[in-house]
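The values are calculated or read from the model by the stated rules, or taken from the named source; none is laboratory data. What you see is a predicted model, and the numbers here were worked out from it, not measured in a lab. Quick reminder, even Gly has a Cβ in these numbers, built from the backbone with ideal geometry, and neighbours come from all protein chains shown.
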Amino acid sequence: MDSTALHKDEWSTAEPEARGLFGWYKELGGKERKTFWACFGGWSLDSMDVNLYSFVIPTLIGLWGMTRGDAGLLATAALLSSALGGWVTGILADRVGRVRTLQITVLWFAVFTALSAFTNSYSQLMVVRVLQGFGFGGEWAAGALLIGEIIRAKHRGKGNGVVHSGWAIGWGAAALLYTFLFSVMPPEIAWRALFAVGIVPAFFVFFLRRFIEEPKSFVELQARYAKGAKRTSALEIFKGGYLRITVLASLLAIGAQGGFYAIMVWLPTYLKTARGLSVLNTGGYLMVVIVASFLGYVVSAYVTDIIGRRKCFYLFAVCSVLTVLAYTFLPISNTAMLFLGFPLGFFASGIYSPIGAFFNELYPTEIRGSGVGFCFNFGRAVGALFPALVGTLSATIPLGEAIGIFAVGAYGMIVVAAALLPETVGQQLRTAATAAP
């Protein structure tokens, strides 16, 4: 069944062909726009909660006597649990719906982020972070499915990519909260206040419940199941032609997330300890990276619909490697680092924009949740090892060099995987789990 037909009702309120930078948005129908903002808001709030941890690493190292390896392990443990949560959520979304699953995951990660404020030891924070990570991984999977199935094919890359820019919004909110709270409170209180703010996304669930509907393709699929159609196994992604797709898409996700986490989890610590910047200056440098990240997501969102998914990956991977090498290996001044922070954030974040659309286009509706959830989150599971490995390696070599080594290796994986996967730009979503593309 053609997904154009499936979405006819959702697109019927769209305006005629529009031009200009925001012409694609003007073409969207009411349901598409509401879904876009729901996914954008959910991802922004998810980002805010997740990024709070990177800002408290130096404080907890001082208060609890943690090593960098311990701090990296906390980050890695949360990312590993998010990987499991993402795949489980993807399977759940194929069963009970994209919207309902999104509601559950947003509430989950908000509650456990806030509970982090009440921990009093490394082991307690480890438990809470692992549980928080489960919801973090699930939110991406549910949101990526929802936006991918609602937005029409010619704007799918832009819709998914601009939703990803919400990560920079949430990251920026976390940086501003960090700068403010640590400037007006003593560190031993400020870190708890920072985590407590994480409860805010819980209130977003009310918006999701009232205004967002399931994609028509999913609703019709459930109707077929209700009439007796055989349900496709979630494990179909590991069989036949889909096995190759799943392996390569997972490799691509490892590269994107391993490179990003190797850089961004340790960036505040690198700026504060290796470069000797104050809390205020660290926040200033990070804001350059965060603004650049936002622009990288948006620009890449447009680029992927223009030149295709694969070429977009090539472009951003190569540029990320060059920037990371300059940022971490060259003997540059703090002023030069400020300027290099822009391409660092731009390319490392922009490489994410094509992923949501690309992975949606690789799988049919019956197993899309399982496929998208597994590939992205298996990549997160392996990529989650990078912060711990960087922390451990930094005990023997400078932290900047440890970051650079793992980041360069990660972006090389992206180039290899993209070269072996099919180009899918402009492709209508498939609904039958027959053969892989």
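Residues of the stretch 377-418 that are among the β-branched types (Val, Ile, Thr) and closer than 15 Å to Leu322 by Cα: Ile403, Ile405, Val408, Ile414, Val415.
Taking the stretch 146-202 as the region of interest, the helices (runs of 4 or more DSSP H) fully inside it that hold 1 or more residues being free of Cβ contacts under 8 Å to residues at least 24 places away in the same chain and of a type outside the set (Ser, Thr, Tyr) are 166-184, 187-196.
Using the structure shown, decide if Trp43 is crowded, with 21+ Cβ neighbours inside 10 Å, modelled with pLDDT of 50 or more and aromatic (Phe, Trp, Tyr).
Values: crowded, with 21+ Cβ neighbours inside 10 Å: yes; modelled with pLDDT of 50 or more: yes; aromatic (Phe, Trp, Tyr): yes.
Yes.
Of everything in the stretch 149-187 that is closer than 16 Å to Ala38 by Cα and among the β-branched types (Val, Ile, Thr), the residue that is surrounded by the fewest Cβ atoms within 10 Å (Cβ to Cβ) is Ile169. Condition test on Leu145, is it surrounded by fewer than 17 Cβ atoms within 10 Å (Cβ to Cβ), closer than 27 Å to Gly296 by Cβ and either in contact with a Cys (Cβ under 6 Å, 6 or more places away or on another chain) or of a type outside the set (Asp, Glu) (or both)? So Leu145 fails the test.
Would the stretch 284-302 turn up any residue that is at pLDDT below 90, assigned to a helix (DSSP H, G or I), among the small types (Gly, Ala, Ser) and under 19 Å from Ala357 (Cβ atoms)? Scanning the stretch 284-302, I find at least one residue that is at pLDDT below 90, assigned to a helix (DSSP H, G or I), among the small types (Gly, Ala, Ser) and under 19 Å from Ala357 (Cβ atoms), so the answer is yes. Considering the stretch 312-362, the residues that are in contact (Cβ under 8 Å) with a residue 24 or more places away in the chain and outside any helix (DSSP H, G or I) include one that is surrounded by the fewest Cβ atoms within 10 Å (Cβ to Cβ), namely Tyr352.
Can you tell me which of Leu145, Leu221, Leu131 is within 19 Å of Arg98 (Cα to Cα) and within 20 Å of the chain's Cα centre (by Cα)?
Working: Leu221 fails: within 20 Å of the chain's Cα centre (by Cα); Leu131 fails: within 19 Å of Arg98 (Cα to Cα).
Only one candidate passes the filter, namely Leu145.
So is Thr396 of a type in the set (Val, Ile, Thr) and free of Cβ contacts under 8 Å to residues at least 12 places away in the same chain or not?
On the way: of a type in the set (Val, Ile, Thr): yes; free of Cβ contacts under 8 Å to residues at least 12 places away in the same chain: yes.
When the stated conditions are applied, Thr396 passes them.
Which one of these is touching a helix residue (DSSP H, G or I) at 6+ places or on another chain (Cβ under 9 Å), closer than 28 Å to Cys375 by Cα, modelled with pLDDT of 90 or more and surrounded by fewer than 24 Cβ atoms within 10 Å (Cβ to Cβ): Ile237, Ile306?
Values: Ile237 fails: surrounded by fewer than 24 Cβ atoms within 10 Å (Cβ to Cβ).
Answer to the check: Ile306.
Any residue at all in the stretch 363-375 that's among the acidic types (Asp, Glu), at pLDDT 90 or above and either surrounded by fewer than 24 Cβ atoms within 10 Å (Cβ to Cβ) or assigned to a helix (DSSP H, G or I) (or both)? There is no residue in the stretch 363-375 that is among the acidic types (Asp, Glu), at pLDDT 90 or above and either surrounded by fewer than 24 Cβ atoms within 10 Å (Cβ to Cβ) or assigned to a helix (DSSP H, G or I) (or both). Looking only at residues in the stretch 409-434 that are among the β-branched types (Val, Ile, Thr), modelled with pLDDT of 85 or more and touching a Leu at 6+ places or on another chain (Cβ under 9 Å), the one that is surrounded by the most Cβ atoms within 10 Å (Cβ to Cβ) is Ile414.
Condition test on Val205, is it assigned to a helix (DSSP H, G or I), modelled with pLDDT under 85 and surrounded by 13 or more Cβ atoms within 10 Å (Cβ to Cβ)? Working first, answer last.
Values: assigned to a helix (DSSP H, G or I): yes; modelled with pLDDT under 85: yes; surrounded by 13 or more Cβ atoms within 10 Å (Cβ to Cβ): yes.
Judged against the criteria, Val205 is a match.
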